[in-house]
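Notes to accompany the following structure.
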Amino acid sequence: MSNPSDPTATTAPRPGSLVRTLALDLFTVAWDPLPRMSRPRWLAWLPHFVIGYVAIFCTFLTAQQMGDFYGVTGGHPLVGALATGGSILLAMFRPLAGWWLGLLAGALVAAQVHDRVGAEHSWPWPIGGIFAFAVVLLLVTLRVPPRVTVTVIGLSVGLTGLAEFLFMPEHGRSTVLDVTLLFGFVGVLGYALRATRLARTKLVEQETLTEEERAQRTLLEERSRIARELHDVVAHHMSVISIQAQVAPHLVENPSEELKENLAGIRENALEALTELRRVLGVLRSEHPDDPANPHHPQPTLAELDGLVDNVRSAGLTVTTEIAGIRRPLAPGVELTAYRIVQEALSNCLRHAPGSRVEVGIAYGPRELHLCIANTSPSRPAPPSQGAGHGLLGMRERAGMLGGELAAGPRPGGGYEVSAVLPTDPATKKG
C-alpha cells in the first residue's frame, strides 16, 4: 500500500470521479468539425460532400424501409428518416451531439415499427438504420479520446441489448450480435484512423520544429564564424594602434611628459582591449582549431577574387567577372564580407547549377559596394546536396551586420541571382 503522506505516491482514480469525467465527455456539444484534407487542396472538402451524400441516402433508405418492409406510412416515417440523416450531418460538426441524435432517431424508428415486426424483420435496428448509425459512430470515434470511444460503443451495444430484453416483439430478429460486430469494428477503425491522424500532425509539427532549430543552429554557427573572423580584423587594428602609440614618442623631438603619458595610456588601453577581446572570443577559436578563421590564416579580401574564380572554373563552371568603378581597398570587414558572399554564391552554383554560366559583377560606388552573382539554368541535373541548405542565412547575416542588404531569387529567364549592397564605410551607415 502507498503511504498517504508520500507526495510521490499515486492513487487510483475514484469511481465517482471517473463517472463524472465520462458524463462530461458524453454530454458535451462542443464544436469539433471534421478535419479537412490538406493535400491536395482540391480534395479538402471531398469527405464532407461524401458524408453529406451518405446522410441523404440514409434518409431516403430509412423512409423506404419503414414503408416497404414494415408498412409504416404517413408523416411519422419521415420524422424518423430525417432524424437519421440529420444525425450524420450533425456528427460532422458536433460528434457527440450527433451520436445522441442518432440514438434518438433509432429509438423513434424502433417505436414506430414495433407493432409491425415480422419473423424476417430485425429489431430494434432496421438494416439501413444499423449502417446509418455505424457512420455516426465512425465520425464520433475519429475525434474523441479512446475512453470516450469505448464508452460510446459500449452504451450503443448495451442499449440495443436492453431494448431487446424489455421490448422485443414476438417475431422480431435480434440485432445484438450484428451491432456488436459492426460497431466494434467501427470503433477500432475510427481509433486507428484518429491515432494515424494525430501521429501525422505531431510528425509535421516535429519536422517544422526541427527545420526551425536547424536554421537557428546554422545561423548561430555562421555568427560564430563571423565573430572569429572579425576577431582577427579587430585584433590587427588594435595591435597597430598599440605599436603606433609606443613608437610615436620617438618620432617627436623633445616630446612633453603630457604627450608621453597620453600615448602610454592609449597603448595600455589598446592592449587591455585586445586582451579582453581574445579572452571573450578565444573559446570560439578553441572549438574550431581547423577553421579557416585561424589567426595563422590571413583573412581573404577582394584582391584574391581572381584566385577564387579560377578555382570555380577548374571545377567545371564558366565564370566571367566584371569590375566597375575605381577598384580600391575597403575596410577589412567590408572586404571580408564581400569575399564570403561571392564565395558562398559560387559554391551554391557548383552545388545546384552544374554546367551553368556564372557572371560575377562588382561595382565600386562612392559610398556603397554592389555585388551581383547570377547563373543560368543548369545544363545537367544537380546531385543531391549534403549541406544544411541555409547558406543564404549566412550571407544575409554578414550583409546585415554591416548595415547592408542582400536579395536572392530565381531569374525571369531561368537560373538564380544573388545581389548585395554593402556600405563602404559601415561606421557612417545610418540606422
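Worth a mention:
- Computed accessible area, Ser314, all protein chains, 1.4 angstrom probe, square angstrom: 100 Å²
- Of all accessible heavy-atom area on the range 80-168, the percent that carbon and sulfur account for (1.4 Å): 76 percent
- Per-residue SASA entry for Ser419, accessible area with 1.4 Å probe, Å² rounded to 10: 40 Å²
- Protection proxy ranking, highest mean first, for peptides 108-118, 123-133: 123-133, 108-118, where packing is the per-residue count of other beta-carbon atoms within 10 Å, averaged.
- Part-to-part distance (alpha-carbon centres) for the range 41-101 and the range 301-361, which is given in Å: 69 Å
- For the range 338-419, the fraction of 1.4 Å probe accessible surface lying on carbon and sulfur atoms is 52 percent.
- Accessible area expressed per residue, the range 330-383, with surrounding protein chains retained (probe 1.4 Å, Å²): 41 Å²
- Cα gyration tensor shape for the range 323-393, rounded if a/c is under 1.5, else prolate or oblate: oblate
- Residue order for Val204, Val144, Val150 - accessible surface, 1.4 angstrom probe, largest first: Val150, Val204, Val144
- Each residue was assigned an accessible area with a 1.4 Å probe, and for Leu138 the value is about 50 Å².
- A crude spin-label estimate for the pair Asp310 and Glu257, with each label 7 Å from Cα along the Cβ direction, gives 5.9 nm.
The values are calculated or read from the model by the stated rules, or taken from the named source; none is laboratory data. Only a predicted model underlies this, so the values are computations on that prediction, with no experimental measurement involved. For neighbour counting, all protein chains shown are included, and Cβ atoms are generated from backbone atoms with ideal geometry for every residue, glycine included. Note: accessible area is taken over every heavy atom of the protein model, side chains too, but ligands, DNA and RNA are not part of it. Shrake-Rupley method; radii C 1.70, N 1.55, O 1.52, S 1.80 Å.
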